[in-house]
Amino acid sequence: MSPPEKLHEIYAQQMTKRHDYGYPLYNPTSRTIIKPGVCGYIDQHGQWNPVADLTTPDELIKKGLTPPQQPLESAPDDCDISWGPKCSEAVKGRRLGVEAGASAAASGIPVEAAVVYRYSSENDFGAILMTESPIWRESFYFDRPFREWVAENSASLLAVRPELREHGLWVVRWIYSTTKCSLNAWTAKEKQITVGFKAKAIGAGELGPDADWYESSTDSGWIHSQAQEGDRKVVFLGGLHFRYKRLARSGQHLKDTSKTPKWTFRGAADEESTVIDVDADESYEITCTEVGKLEIPAADESDNDF
């Protein structure tokens, strides 16, 4: 596979090397569009394209898809998460002294800022994500019902959205969202980003305070996203990513399509694959990878036959 070249792809690649919340969205999207239980794909522009909502059986049937055979169990929401700036792998933050702070004020950061940080990258790419607290996490328990649903509907999904052959399919199991966020991504090693904060306290492992922030008016490249009242912007989505690889048919016979394809492990603990037949001329290997890590209170699995 060729290395990513588009900014949203590089942003996702470099941020996930440092953070395991899931896939980072270069274009933060409304929580009414991306939420746990939906599936879709991210196109060549980094935009989310919805395909179906697994929590709405009637809508699935209208699209020629079957509802999940196993129940989808919601986990408790966590609506009181706080964190500081989220930076890509090679970015480092440095707290500025008094003289440097005065220089930062001259660049448009108000003197009310309690502390000022300057961020730079050790390589040719850098990114920083600022989010307003609190951060919300919403999620479902258990990924097996989602894997089995995709296997059962694999051929129908390609009929509904042929673009999945190129872009793959995301099934969202959890999201992190906020009411306001700003991000900056750059591809010049010499670039620096200056940010002022209203508070000085900094959490363990963070690269800046968890507080309202000020951006320097001389720094270009900021992308701002403000949610409408009652809504939030999704900054990370986590769950399952399915990739499609077309296989040569050369005299093969169709499988028994009345049976749901079975997943088999490929070696990595978080990666499985299966093979589906779309028609007499088209077969695909589907690879499923879990993206991100989710730590939520344990649920009782005694009533679930997975």
Given 76-88, 229-241, the highest-first ranking by average Cβ count within 10 Å works out to 229-241, 76-88
Log10 I(q)/I(0) at q = 0.25, 0.28, 0.29 Å⁻¹ for segment 18-69, from Debye over equal alpha-carbon scatterers, is -1.01, -1.12, -1.16
The alpha-carbon center of segment 193-229 and that of segment 30-104 are separated, in whole Å, by 20
Long-range amide H partners of residue 179, meaning residues 5 or more apart or on another chain whose placed amide H is closer than 5 Å, are 132, 233
Taking a crude spin-label model, label points 7 Å out from Cα along the C-beta direction, the residue 92 to residue 74 distance in nm is 4.5
So for R0 = 51 Å, FRET eff. of residue 18-residue 156 from the Cβ-Cβ r, to 0.05, ends up at 0.85
Between residue 192 and residue 7, the two model label points (7 Å from Cα along the beta-carbon direction) sit apart by a distance in nm of 2.2
FRET efficiency for residue 246 and residue 212 from the Cβ-Cβ distance with R0 = 51 Å, rounded to 0.05, comes out at 0.55
Neighbours of residue 160 by Cβ distance under 14 Å: Lys/Arg at +1, Asp/Glu at -1, summed charge 0
For residue 224, placing the label point 7 angstrom along Cα-to-beta-carbon and taking segment 106-137, residues whose amide nitrogen sits under 18 Å are 107-113, 128-133
Computed on Cα atoms, the radius of gyration and Dmax of segment 22-158 in angstrom are 21.3, 65
The lysines whose Cα lies under 22 Å from the Cα of residue 293, excluding any fewer than 8 residues away in the same chain, are 17, 35, 86, 233
If amide H atoms are modeled at 1.01 Å from N in the peptide plane, then the residues at a separation of 5 or more from residue 283, or on another chain, having amide H under 5 Å from its own are 247, 278
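No value in this document is a laboratory result; all are computed from the given coordinates. Bear in mind the structure is a predicted one, so any value in this text is a computation, not a measurement. All Cβ positions, even for glycine, are placed from backbone atoms using ideal geometry, and neighbour counts span all protein chains on display.
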